[in-house]
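Colleague: Supplied in structure tokens, the structure appears directly below.
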């Protein structure tokens, strides 16, 4: 921490304590301080305060505590502030070491060296484990740690299974999920294509969610994919029907009373970036079943 910043902390604390003393018409007689709750190392600042040298403190978090005494010999309560002393600014440019350990056992941390290496898991038991890693640069500084979790399976419990069913639903309608059986030979993975009828869905964005089940009655995790259904040609307001309301929209756009961008459906029926009578005629023919 910079000396100016540390001095400001002292002055703020002293000001608070002096204000309390002055409210009772007393004067500040002495100010003492100590670091890291070690009251045996108490030092005096005198009544007016001074800058404090923290260069001898190690890098990291520290506590600064101070107390003042008034002209009647009464001590105030202790005020404690926390601060961090930072290392000299030395820029690291290269990673020189990689350290890792399992299951929070930092006492048995291992060094990988300067290059990527294979980590031996053979001594770990079956079940959930954690791998924690950090790196050190050429300035001698360690990074923060990164932890990943993994599972070691019991090989004897692994069985050959087959996918025998699947379940799917559209959007959030899980109550109407469809469950279907499939045929696959033992030990084979089902890779066939499944047809799903989406003709009843309205135009716009949708989501298909599905999962598969094996012959042990175990379901997989849920997978979800988004898809989009294009509006029917001529259905300008995307209400599922081509009717007079769509014709009126096109007429209003053609006359400048409305904007084509206000509608999800395609107003430029002829793809010429202009709404005119020809577009209106196409929609009328669609409505009458002639298109």
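Colleague: Is it the case that segment 263-273 has a residue that's surrounded by fewer than 16 Cβ atoms within 10 Å (Cβ to Cβ), farther than 30 Å from residue 176 by Cα and touching a helix residue (DSSP H, G or I) at 6+ places or on another chain (Cβ under 6 Å)?
Modeller: Scanning segment 263-273, I find at least one residue that is surrounded by fewer than 16 Cβ atoms within 10 Å (Cβ to Cβ), farther than 30 Å from residue 176 by Cα and touching a helix residue (DSSP H, G or I) at 6+ places or on another chain (Cβ under 6 Å), so the answer is yes.
Colleague: Another one. If residue 264 passes every condition in (1) outside the structural domain of residue 167 (by TED's automatic domain parsing); (2) within 30 Å of residue 163 (Cα to Cα) but one, which one does it miss?
Modeller: Exception for residue 264: condition (2).
Colleague: I would also like to ask the following. Hey, among 17, 86, 61, 28, which residue is modelled with pLDDT under 85 and within 30 Å of residue 131 (Cβ to Cβ)?
Modeller: Of 17, 86, 61, 28, the one residue that is modelled with pLDDT under 85 and within 30 Å of residue 131 (Cβ to Cβ) is 86.
Colleague: Out of curiosity, is residue 250 loosely packed, with under 12 Cβ neighbours inside 10 Å and outside the structural domain of residue 169 (by TED's automatic domain parsing)?
Modeller: No; evaluated as a whole, the condition is false for this residue.
Colleague: Additional query: Which residue out of 195, 234, 240 is within 30 Å of residue 291 (Cα to Cα) and within 36 Å of the chain's Cα centre (by Cα)?
Modeller: 195
Colleague: Taking the options 92, 46, name whichever one is loosely packed, with under 14 Cβ neighbours inside 10 Å and either at pLDDT 85 or above or farther than 30 Å from residue 126 by Cα (or both).
Modeller: Exactly one residue qualifies, and that residue is 46.
Colleague: Taking segment 184-234 on its own, how many of its residues are farther than 30 Å from residue 269 by Cβ, in a loop (DSSP other than H, G, I, E, B) and at pLDDT 80 or above?
Modeller: Selection size over segment 184-234: 8.
Colleague: Can I ask one more? Among all residue pairs at least 6 apart or on different chains, which show Cβ distances below 8 Å where the first residue, located in segment 36-62, is over 14 Å from residue 84 (Cα atoms) and the second is loosely packed, with under 10 Cβ neighbours inside 10 Å and modelled with pLDDT of 85 or more?
Modeller: none
Colleague: Now for a different question. With the requirement that a residue be touching a strand residue (DSSP E or B) at 6+ places or on another chain (Cβ under 6 Å) and either surrounded by 11 or more Cβ atoms within 10 Å (Cβ to Cβ) or closer than 13 Å to residue 263 by Cβ (or both), what does segment 225-247 give you?
Modeller: Across segment 225-247, the qualifying residue is only 227.
Colleague: Would you call residue 199 loosely packed, with under 13 Cβ neighbours inside 10 Å, within 24 Å of residue 177 (Cβ to Cβ) and free of Cβ contacts under 8 Å to residues at least 40 places away in the same chain?
Modeller: Taking the combined requirement at face value, the residue satisfies it.
Colleague: Does segment 120-149 hold any residues that are more than 18 Å from residue 99 (Cβ to Cβ) and assigned to a strand (DSSP E or B), and which are they?
Modeller: 127, 128, 149
The values are calculated or read from the model by the stated rules, or taken from the named source; none is laboratory data. Since we're looking at a predicted model, the values are computed, not measured. With ideal geometry, Cβ positions are generated from the backbone for all residues, glycine too; neighbour counts draw on all protein chains shown.
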